[in-house]
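Novice: Dropping the structure in here first, questions after.
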Amino acid sequence: STRKESSAASDVYKRQESERMKERPKEIMTITLIGINILVFIVLTMIGRTEDGYFMLQHGAMYEPYIIENQEYYRLFTSLFLHFGISHLLNNMVLLWALGSIFEREAGKIRFLLCYFISGIGGNLLSLYWNTMHDRQIVSAGASGAIFGLMGGLLWIVFANRGRLGTLSGRGMLIMVVLSLYFGFTSTGVDNLAHVGGLICGFLTALLTYRRKDQKILTVSDINDI
């Protein structure tokens, strides 16, 4: 009898542990990225001024001559974790949580990370190309290109789910994209090419990697129904 009770208690414990595992946050990569961005900002704030372009340049911001002439390609990556001031950081982190948590829960950690970094670097590459072609030398940084990539990725995910994913709708996502681009182009000091490049890269990354769980291929009629 004691052995049976012990076995039953063990089974209950295992079930409870399994339930606790299921309750753990599914947005762990989103939370991790937000934490890294905040930590980098705190460290830089302690040793200098994040609003200072030269200071940011010394710590990994984008700058065309350094990348092209000095082959400092790492800046395409490091600039994703730098922000010019607290407002820049907070705005991006709020959007990262709002979009990233939904994306990661639906598409998983690997697709989320692929979309985030491909979009961020892709947006920086488009910005780099545009500025080089127009002989513009600009110090730039921020996670917004990657965040626009999550927006583009979510746009495809909503389409793939026939225009509805929880509270998100296809029309709502399109309005969000248009308004976000509009505010960028009507504001000063914004790297809009990084936004556009990130948006396109995010949409294409999701298109190539994400499929609805109960439907492998999205048909033309599905898109027309959105």
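Novice: Identify the single condition in (1) closer than 17 Å to residue 144 by Cα; (2) touching a Gly at 6+ places or on another chain (Cβ under 9 Å); (3) in contact (Cβ under 8 Å) with a residue 40 or more places away in the chain; (4) in a helix (DSSP H, G or I) that residue 106 does not satisfy, given that it satisfies every other one.
Specialist: It is condition (1) that residue 106 fails.
Novice: A further question follows. Among the residues of region 142-169, how many are open to solvent by 20 Å² or more (accessible area, probe 1.4 Å) and either touching a Pro at 6+ places or on another chain (Cβ under 6 Å) or part of a loop (DSSP other than H, G, I, E, B) (or both)?
Specialist: Counting residues in region 142-169 that are open to solvent by 20 Å² or more (accessible area, probe 1.4 Å) and either touching a Pro at 6+ places or on another chain (Cβ under 6 Å) or part of a loop (DSSP other than H, G, I, E, B) (or both) gives 4.
Novice: Could you identify the single residue in 14, 22, 26 that is touching a Lys or Arg at 6+ places or on another chain (Cβ under 6 Å) and either open to solvent by 40 Å² or more (accessible area, probe 1.4 Å) or at pLDDT below 55 (or both)?
Specialist: Numbers: 14 fails: touching a Lys or Arg at 6+ places or on another chain (Cβ under 6 Å); 22 fails: touching a Lys or Arg at 6+ places or on another chain (Cβ under 6 Å).
From the options 14, 22, 26, the qualifying one is 26.
Novice: Tell me, yes or no, whether region 206-218 has at least one residue that is closer than 13 Å to residue 152 by Cβ, in contact with a helix residue (DSSP H, G or I) (Cβ under 9 Å, 6 or more places away or on another chain), at pLDDT below 95 and small (Gly, Ala, Ser).
Specialist: Within region 206-218, not a single residue is closer than 13 Å to residue 152 by Cβ, in contact with a helix residue (DSSP H, G or I) (Cβ under 9 Å, 6 or more places away or on another chain), at pLDDT below 95 and small (Gly, Ala, Ser).
Novice: Residue check, residue 75 against (1) out of contact with any Asp or Glu (no Cβ under 8 Å at 6 or more places or on another chain); (2) over 17 Å from residue 142 (Cβ atoms), all met but one. Which one?
Specialist: Here residue 75 meets the rest and fails (2).
Novice: Looking only at region 181-208, how many residues end up being touching a Phe, Trp or Tyr at 6+ places or on another chain (Cβ under 7 Å), open to solvent by less than 30 Å² (accessible area, probe 1.4 Å) and touching a residue at least 24 places away in the same chain (Cβ under 8 Å)? Can you show your working first?
Specialist: At the first step, the residues of region 181-208 found to be touching a Phe, Trp or Tyr at 6+ places or on another chain (Cβ under 7 Å) are 192-193, 195, 198-199, 202-203, 206-207.
Adding the requirement that they be open to solvent by less than 30 Å² (accessible area, probe 1.4 Å) leaves 192, 195, 198-199, 202, 206.
Narrowing further to those that are touching a residue at least 24 places away in the same chain (Cβ under 8 Å): 195, 198-199, 202, 206.
Summing the residues that are touching a Phe, Trp or Tyr at 6+ places or on another chain (Cβ under 7 Å), open to solvent by less than 30 Å² (accessible area, probe 1.4 Å) and touching a residue at least 24 places away in the same chain (Cβ under 8 Å) in region 181-208 gives 5.
Novice: Output the number of residues of region 45-63 satisfying the condition of being open to solvent by less than 10 Å² (accessible area, probe 1.4 Å), of a type outside the set (A, V, I, L, M, F, W, C) and in contact (Cβ under 8 Å) with a residue 40 or more places away in the chain.
Specialist: Qualifying residue count, region 45-63: 1.
Novice: Which condition breaks for residue 86 when tested against (1) in a helix (DSSP H, G or I); (2) open to solvent by 80 Å² or more (accessible area, probe 1.4 Å); (3) under 23 Å from residue 129 (Cβ atoms)?
Specialist: If we test residue 86 against (1) in a helix (DSSP H, G or I); (2) open to solvent by 80 Å² or more (accessible area, probe 1.4 Å); (3) under 23 Å from residue 129 (Cβ atoms), just (3) comes out false.
Novice: Something else now. For the condition part of a helix (DSSP H, G or I), open to solvent by 10 Å² or more (accessible area, probe 1.4 Å) and either touching a Phe, Trp or Tyr at 6+ places or on another chain (Cβ under 7 Å) or closer than 23 Å to residue 188 by Cα (or both), what is the one hit in 111, 136? Spell out how you get there, then give the answer.
Specialist: Details: 136 fails: part of a helix (DSSP H, G or I).
None of the others qualify; the one that does is 111.
Novice: Looking at (1) open to solvent by less than 30 Å² (accessible area, probe 1.4 Å); (2) out of contact with any helix residue (DSSP H, G or I) (no Cβ under 6 Å at 6 or more places or on another chain), which one does residue 124 not meet, given that it meets all the others?
Specialist: The number of the failed condition is (2).
Novice: In this structure, is residue 75 of a type in the set (D, E, K, R), modelled with pLDDT of 95 or more and open to solvent by 70 Å² or more (accessible area, probe 1.4 Å)?
Specialist: Numbers: of a type in the set (D, E, K, R): yes; modelled with pLDDT of 95 or more: yes; open to solvent by 70 Å² or more (accessible area, probe 1.4 Å): no.
Here the answer is no, as residue 75 does not meet what is asked.
The values are calculated or read from the model by the stated rules, or taken from the named source; none is laboratory data. Every value quoted in this text rests on a predicted model; they were computed, and no experiment measured them. Reconstructed Cβ throughout: ideal geometry from the backbone, glycine too, with neighbour counts over all protein chains shown. Only protein heavy atoms, including side chains, enter the accessible area calculation; ligands, DNA and RNA are left aside. Shrake-Rupley method; radii C 1.70, N 1.55, O 1.52, S 1.80 Å.
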